[in-house]
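K.L.:
One structure, pasted below without further comment.
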Amino acid sequence: MNSRHPDSFFIILFILLFYATQSWAETWQHSMTARISEIYDTNPVMSPTSQGEVTRAVFEPGYSLLGHIGDSELKVGLALLFARSSNETLSPMRNNPTVFLDWSQQVDSGEFGLLYKYAEIATRDSAIDTTGLEPVTSTRSLRHFGVKINNTLSERSSLAADGSLEKISYSGGGNYIDYNLRSVSIGLNYLWTEQSTPFIKLSHSTYEPEGGGSSNQLDSADFGLTWKTSDNLEGTLQGGRAKNGNDEFGTQGAAALQYTGQRSTFAINAGRQILPSGIGGFFKADQANTNWSYTLNERNKTGIDFGWRNNHVFTDIIYRTGTFWLQHDLDPLWLMRAYCQRNVLQRAGMDDAASNMVGITLAYSYSDF
């Protein structure tokens, strides 16, 4: 089977579901989105000595439908990304699809659900495998099969369990390893007060390279607390340990804070994750992000986004990004956003690489038809 395309079974299933909705769904909601972007990038390959600039045109249509059949809920969606550029050596043409299918069933004590997703993305945009050395033609493909169970134990406590199989493959160049990732987790939540909910989560993952090779195991335990002091302020704090067979990695955790005011919003999150990679096995990634937005009037808003990420792979690879944007709502369905962005890549033993981006996006969103 060609890993560059979604499973034919799910494409056929998507089409059948589309034509069958009116006959067997009690209620059905359709949603459509579309984004058209024009982007100018001074250094798309993030080279220490810029190899050239490009202008990209990107079209991202999407469609989803949500149906309710008795106590069951079904959501199906399809999104596409078409990218064209003025220099395909530096930024090649892309036609990347995303397909998902989620089904859930309400039961007496909770919920049971099945999930499927297929997605393609440029390897250099995936965050998980970025090293700054990826070929511009490299593509990362994901197949995700999952099951989830949520069970209410009492008025204050609930149990959540999930399992998944992910198949990751690469094409278009690069020294990446195709692999399978099997994961299971179980979590317990307890409503301590109306404002705070402590939780514990245990998980186990197995990394198996395609075509043979030794597998890698990862076990982790996290304790945390979600809290909400008011309708405006809420946050999450968690921490724990993760280890493989060699007792590597140690601590992991995350913290997040979100404020929503009458005209402004602010969010910040930071943490350390242990993630699988096409480079081989698991690696540590530290990240921090902050976002601020302010509503100027009924149809205009502005904002600033900052991001920092350190992938601890064969060496520390640090990405820093900052974006300033201005958005204008043309009407309830259409909006336009202009932005400028600065990206910096740092690698040990190499000069820093930087790029400046300027873009404008026209976006459409419509549902309830």
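The values are calculated or read from the model by the stated rules, or taken from the named source; none is laboratory data. What you are looking at is a predicted structure, and each value in this text was computed from that prediction instead of being measured. Neighbour counts are summed over all protein chains in view; Cβ atoms, including those assigned to glycine, are modelled from backbone coordinates with ideal geometry.
K.L.:
Among (1) touching a Phe, Trp or Tyr at 6+ places or on another chain (Cβ under 6 Å); (2) surrounded by fewer than 16 Cβ atoms within 10 Å (Cβ to Cβ); (3) under 23 Å from Gln238 (Cβ atoms), where does Asn189 come up short?
P.N.:
(2)
K.L.:
Looking at the range 129-156, which of its residues are of a type in the set (Gly, Ala, Ser) and either exposed (fewer than 15 other Cβ atoms within 10 Å of the Cβ) or touching a residue at least 60 places away in the same chain (Cβ under 8 Å) (or both)?
P.N.:
Scanning the range 129-156 gives Gly132, Ser141, Ser154.
K.L.:
Could you count how many residues in the range 98-128 are of a type in the set (Val, Ile, Thr) and in contact (Cβ under 8 Å) with a residue 60 or more places away in the chain?
P.N.:
Taking the range 98-128 and keeping what is of a type in the set (Val, Ile, Thr), we get 98-99, 107, 121, 123, 128.
Now restrict to residues that are in contact (Cβ under 8 Å) with a residue 60 or more places away in the chain: 99, 123, 128.
Within the range 98-128, residues that are of a type in the set (Val, Ile, Thr) and in contact (Cβ under 8 Å) with a residue 60 or more places away in the chain number 3.
K.L.:
Being surrounded by 17 or more Cβ atoms within 10 Å (Cβ to Cβ), of a type outside the set (Lys, Arg) and in contact with a Phe, Trp or Tyr (Cβ under 9 Å, 6 or more places away or on another chain) is the filter here; which residues of the range 81-96 pass it?
P.N.:
Leu81, Ala83, Asn96, listed by residue number.
K.L.:
Pick from the range 234-256 the residues that are over 19 Å from the mean Cα position of the chain (by Cα) and of a type in the set (A, V, I, L, M): which of them is farthest from Asn291 (Cα to Cα)?
P.N.:
Ala242
K.L.:
Among the numbered criteria (1) more than 30 Å from Ser47 (Cβ to Cβ); (2) buried (at least 17 other Cβ atoms within 10 Å of the Cβ), which one does Leu202 miss?
P.N.:
Of everything listed in (1) more than 30 Å from Ser47 (Cβ to Cβ); (2) buried (at least 17 other Cβ atoms within 10 Å of the Cβ), Leu202 misses just condition (2).
K.L.:
Scan the range 136-162 for residues that are closer than 26 Å to Asp178 by Cβ and part of a strand (DSSP E or B) and report the count.
P.N.:
Matching residues across the range 136-162 total 11.
K.L.:
Any chance the range 193-204 includes a residue that's outside any strand (DSSP E or B), farther than 29 Å from Glu120 by Cα and free of Cβ contacts under 8 Å to residues at least 12 places away in the same chain? First the steps, then the outcome.
P.N.:
Start the filter on the range 193-204 by keeping residues that are outside any strand (DSSP E or B), which leaves 193-195.
Add one more test, that the residue is farther than 29 Å from Glu120 by Cα, and what stays is 193-195.
Next cut, free of Cβ contacts under 8 Å to residues at least 12 places away in the same chain only: 193-194.
Yes, the conditions are met somewhere in the range 193-204.
K.L.:
Go over the candidates Val358, Val313 one by one and state the one that is within 30 Å of Tyr176 (Cβ to Cβ) and among the β-branched types (Val, Ile, Thr). If you could, list the steps in order and put the result at the bottom.
P.N.:
Numbers: Val358 fails: within 30 Å of Tyr176 (Cβ to Cβ).
Among Val358, Val313, only Val313 is within 30 Å of Tyr176 (Cβ to Cβ) and among the β-branched types (Val, Ile, Thr).
K.L.:
Just need a number here: residues in the range 307-338 that are exposed (fewer than 15 other Cβ atoms within 10 Å of the Cβ), aromatic (Phe, Trp, Tyr) and assigned to a strand (DSSP E or B).
P.N.:
Of the residues in that region, 2 qualify.
K.L.:
Related question: Looking only at the range 114-128, decide whether some residue is closer than 21 Å to Leu165 by Cα, crowded, with 17+ Cβ neighbours inside 10 Å and at pLDDT below 90. Walk me through how you get there before you give the answer.
P.N.:
Here is the first cut: in the range 114-128, the ones closer than 21 Å to Leu165 by Cα are 114-121, 123, 126-128.
From what is left, the residues that are crowded, with 17+ Cβ neighbours inside 10 Å are 115-121, 123, 126, 128.
With at pLDDT below 90 added as a condition, the list becomes 126, 128.
Yes, that holds for at least one residue.
K.L.:
Follow-up. Select, from Leu218, Leu181, the only residue that is in contact with a His (Cβ under 8 Å, 6 or more places away or on another chain), closer than 30 Å to Ile121 by Cβ and touching a residue at least 60 places away in the same chain (Cβ under 8 Å). Step through it out loud before you land on a result.
P.N.:
Working: Leu181 fails: in contact with a His (Cβ under 8 Å, 6 or more places away or on another chain).
Just one listed residue meets the conditions, Leu218.
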